[in-house]
Amino acid sequence: MRPGPALAAGLLTVCLVGAASALAWQHDSPLVPLSGASTPAGSAWPFLVLLASAFAAYVAGLALARRGPLALRAAAVVAVLVQAGVLTGSPGAYSLNKAN
């Protein structure tokens, strides 16, 4: 078995984690616990769908990687990209471009 499907699942995980992080770090995100952690009804569904999809892609990639050969370097690159995906919409980058 080729490592292609496992890497594709890993890259899909990267994209989904980045999208979920971008939603979560928005200035007016309902995911921030304000006013006793109350959020407008249904406003966090896109984040939840992205997060669940990212986890499903991760589990699929893990299963595919265990079935066949996978280069350590490729797996390490995907792991770093997933971690960096969380920082794509970080408040530090956001606040540098916005006057508070």
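The values are calculated or read from the model by the stated rules, or taken from the named source; none is laboratory data. All figures in this text were calculated on a predicted structure; none of them were measured in a lab. Heads up, the Cβs are rebuilt from the backbone with ideal geometry, glycines too, and the neighbour counts pull from every protein chain shown.
Among the residues that make up segment 16-28, is at least one of them within 18 Å of A65 (Cβ to Cβ), modelled with pLDDT of 80 or more and within 11 Å of the chain's Cα centre (by Cα)? Yes, segment 16-28 contains a residue that is within 18 Å of A65 (Cβ to Cβ), modelled with pLDDT of 80 or more and within 11 Å of the chain's Cα centre (by Cα).
Within segment 54-68, residues that are touching a residue at least 60 places away in the same chain (Cβ under 8 Å) have Cβ atoms under 9 Å from residues that are of a type in the set (K, R) in these pairs: G68/R2, counting only partners at least 6 apart in sequence or on another chain.
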